[in-house]
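First the structure, in the form of structure tokens, and then the observations on it.
Just so it is clear, none of the values below were taken in a lab; they were calculated from the coordinates. Keep in mind that what you see is a predicted model, and the values were worked out from it rather than measured. Reconstructed Cβ throughout: ideal geometry from the backbone, glycine too, with neighbour counts over all protein chains shown.
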Amino acid sequence: MLTGRAFKFGDNISTDHIIPGRLAHLRSNLPELAKHVMEDADPTFASRVKAGDFIVAGNNFGLGSSREHAPLVIKMAGVRAILAKSVARIFFRNAINLGLPVLICNTALIDDGDELEVDLAAGTVKDATNGNQLTFSKIPEVMLRILDEGGLIPYIKKYGDFKV
Amino acid sequence: MGKTLAEKILSQKSGSEARAGDIVIAKVDLVFAQDTTGPLTVRQFQTSGFERLANPPKTALFLDHAAPSPNYGLSNDHKLLRQFARQTGCLIYDVGNGICHQIVAESLAKPGDVIIGADSHTVTAGGLGAFATGMGSTDTAIALGLGKTWFQVPKSIMIVVSGNFPEGVGAKDLILHLIGQIGADGATYQALEFSGDTVDNMTMSPRLTIANMAVEAGAKAGLFAADKTTQDYLASLGRGNHYQSLFPDTDAIYEQTINIDVANLEPTVSQPHTVDNIALARELKGAKIQQVFIGTCTNGRLEDLAVAANILKGKKCHPETRLIVAPASRQIMLAAIKAGYIQTLIEAGAVVLPPGCGPCIGLHQGVLGDGESCLSTANRNFKGRMGNPNAFIYLGSPATAAATAITGEITDPREVM
Ligand code: SF4
């Protein structure tokens with residue numbers, strides 16, 4: 001069971017909002033880069049987020065560039081999972097490859113700052129602040145296995161190949 | 001039951017009956033990364049414990065996003081990629097060669113290929129009938145080592161395009177119109193497949209423009225059949241032997257079919273800050289523009305520079321509007337010099353940059369000031385995209401861009417043609 005606070009965002013949060021291209025010179029200096037997480041969506045996010053918190057977004061989270069630095073800095077900020085109504089394809093794969101769960105559910109039922117309890121195994125989210133109970137959609141088996149191993153690199157190290 | 005282009009290619013490369021929804025493991029014909037995603041790709045490759053590339057001559061690195069490098073952080077990333085290329089024997093296209101997607105189209109992609117790139121606009125090669133898609137650095141790193149990757153075979157949406165483009169209207173207006181219609185997530189997890197008499201009559205350049213922007217509707221691929229045009233294009237580059245014809249089956253199953261008659265289209269523009277926020281250029285008359293940018297993997301090809309040069313010939317840019325032009329590749333730069341387009345553009349007041357991404361992602365060479373607006377021929381206008389979250393980006397065709405450079409405000413190109 002994961003517990004933490006919800007940081008709510010709207011629809012169409014792009015990888016440029018999460019970590020813009022202008023900071024590309026910091027991409028080989030991840031601790032510095034991570035200080036700018038979500039900067040163009042909410043400049044106060046980096047200073048307020050705590051280990052264990054959740055990003056809760058609307059539709060099409062993570063659209064745009066393929067930069068894996070986007071889920072990487074979110075993970076480095078301590079975010080335990082991303083909850084969204086829908087998520088862009090490349091971002092989805094990237095997050096899972098880094099071992100960061102992305103859960104598709106009706107996030108309209110969650111408010112900013114709510115305390116959440118996420119049960120990955122059961123596929124449920126409980127909003128402890130307003131009492132709402134949500135279920136999230138199943139993700140493909142291959143992604144679940146990658147997630148189980150903590151990401152694609154540990155998965156490949158263990159199996160040496162894709163197992164589908 | 002017949003197959004879509006995506007199903008055909010993924011069946012062939014996975015050695016299985018690949019149907020929409022299936023998970024398959026497919027051999028990749030080309031894997032590439034560029035200078036802002038490559039360093040993490042290299043590190044993930046090393047962390048994974050791989051000692052060699054699965055296929056060095058089918059692996060490519062491109063120094064194009066920061067070319068030449070504006071600061072030492074990026075210079076060190078370039079060094080890292082050059083060193084990796086020396087060690088592994090992969091291809092490297094150094095500063096000045098141009099944008100990865102353009103070079104992939106010119107020199108590397110062939111119909112029926114599976115191509116993955118650590119860049120979302122890898123979809124561009126779909127214009128040649130390759131199943132090409134963007135991935136992150138870790139997926140790319142594993143494909144470098146294994147020579148294959150997994151895919152969920154996408155459902156496909158068929159876009160049937162018919163009619164003749166009115167004067168001043170082209171492929172960019174068509175794809176902006178389509179994205180406006182289906183939305184920035186209208187094709188998420190799916191492939192877009194383009195057909196119809198307009199597509200049959202299109203040269204490769206507009207096909208690449210359209211395929212390039214498929215990802216702006218969330219699509220995994222933007223695919224065109226490989227036909228006579230594809231054959232002629234490859235032959236013109238001395239790669240005629242790489243041609244194979246590739247068409248979807250007539251009884252293939254599509255998630256939906258969308259018909260567009262281009263005779264009804266008008267010059268179209270995306271407004272800040274999402275690509276699907278479209279309007280007609282004439283509806284935005286009066287919107288002041290401080291910078292016009294013509295270039296990128298979307299519209300930095302010879303035909304695009306020709307359109308701009310024809311409109312700007314003998315004219316001058318508006319005194320309060322700067323015009324930046326970046327050809328997409330060295331080949332295009334040379335051809336544009338030979339055709340006189342570069343001279344025309346410079347005489348009109350343009351700054352011409354070396355082949356590469358130019359100011360597209362806000363690293364250098366045209367970062368916007370607070371409150372400034374840019375009309376760009378690129379594919380993305382997200383907040384902060386061009387280096388400043390307090391600036392505004394509009395997207396349009398090369399014709400709209402050239403017309404806007406003359407008047408200093410968003411202008412329907414038919415007004416100045
Ligand atoms: S031109 Fe722009 S969109 Fe194309 S690859 Fe370069 S940065 Fe990306």
Relative contact order (percent) for region A:1-86, with alpha-carbon contacts under 8 angstrom and 6 or more residues of separation? 40
Note down the magnitude of the dipole of region B:133-228 about its Cα centre, charges +1 on Lys and Arg C-beta and -1 on Asp and Glu C-beta and zero elsewhere, to the nearest 20 debye. 300
Put +1 on the Cβ of each Lys and Arg and -1 on the Cβ of each Asp and Glu in chain B; which of B:P166, B:A326, B:Y254 then has its Cα farthest toward the positive end of the dipole? B:A326
Counting only DSSP beta bridges fully inside region A:2-137, the antiparallel percentage to nearest 5 is 50
PRE reach from A:A122 (point 7 Å along Cα→Cβ): which of region A:1-43 fall under 15 Å by backbone N? A:1-4
Within a 10 angstrom radius of each residue's Cβ in B:356-369, how many Cβ atoms of other chains show up on average? Whole number is fine. 2
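For peptide A:80-87, compute the average count of partner chain beta-carbon atoms within 10 Å of each residue's beta-carbon.
Going residue by residue through A:80-87 and averaging, the value is 1.
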Under 23 Å from the Cα of B:K110 - lysines, other chains or at least 8 residues apart: B:K3, B:K8, B:K13, B:K27, B:K58, B:K148, B:K155, B:K220, B:K228
Using the charge dipole of region A:2-137 (Lys, Arg: +1 at Cβ; Asp, Glu: -1 at Cβ; taken about the Cα centre), state which of A:I82, A:L26, A:S47 has its Cα farthest towards the positive end. A:L26
Mean separation of Cα contacts under 8 Å (6+ apart) over length of region B:260-417, as relative contact order %: 34
Put a dot 7 Å past each Cα toward the Cβ at B:D227 and A:D11; how far apart are the dots in nm? 3.5
Give the average, rounded to an integer, of partner chain Cβ atoms located within 10 angstrom of each Cβ in B:128-141. 5
Charges on Cβ only, +1 for Lys and Arg, -1 for Asp and Glu, centred on the Cα centroid of chain B; of B:I25, B:T198, B:I311, which one is farthest towards the dipole's positive end? B:I25
Computed FRET efficiency, Cβ-Cβ of B:A235 and B:E167, R0 41 Å: what is it to the nearest 0.05? 0.85
Solution diffusion estimate, µm²/s, Stokes-Einstein, region B:99-163, Kirkwood Rh from C-alpha pairs, 25 °C, viscosity 0.890 mPa s: 192
Determine which lysines satisfy two conditions relative to B:K315: a Cα distance under 23 Å, and not lying fewer than 8 residues away in the same chain. B:K285, B:K288, B:K338
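Cβ neighbours within 10 Å, averaged per peptide: list B:24-32, B:175-183, A:153-161 in order, most packed at the top.
B:24-32, B:175-183, A:153-161
Considering lysine pairs in chain A that are 8 or more places apart or on different chains, how many have Cα atoms under 16 Å apart?
On the way: A:K8/A:K50; A:K8/A:K85; A:K8/A:K126; A:K35/A:K50; A:K35/A:K75; A:K50/A:K75; A:K85/A:K126; A:K85/A:K138.
Taking chain A as the scope, the lysine pair count is 8.
How much length would be gained if the chain were fully extended between A:L144 and A:D42, taking 0.36 nm per residue of separation minus their Cα-Cα distance, in nm to one decimal?
Numbers: separation 102, 0.36 × 102 = 36.72 nm, distance 3.03 nm.
The span from A:L144 to A:D42 would gain 33.7 nm if fully extended.
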Inter-part distance where region A:1-30 and region B:96-170 are each reduced to a Cα centre, Å: 26
Give me the percent relative contact order of chain B, please, defined on Cα pairs under 8 angstrom at least 6 residues apart. 18
For region B:1-54, size of Cβ-based charge dipole, Lys and Arg +1, Asp and Glu -1, in debye: 80
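Rounding to the nearest 20 debye, state how big the charge dipole of the protein assembly as shown is about its Cα centre with +1 on each Lys and Arg Cβ and -1 on each Asp and Glu Cβ.
Magnitude of the dipole: close to 1440 debye.
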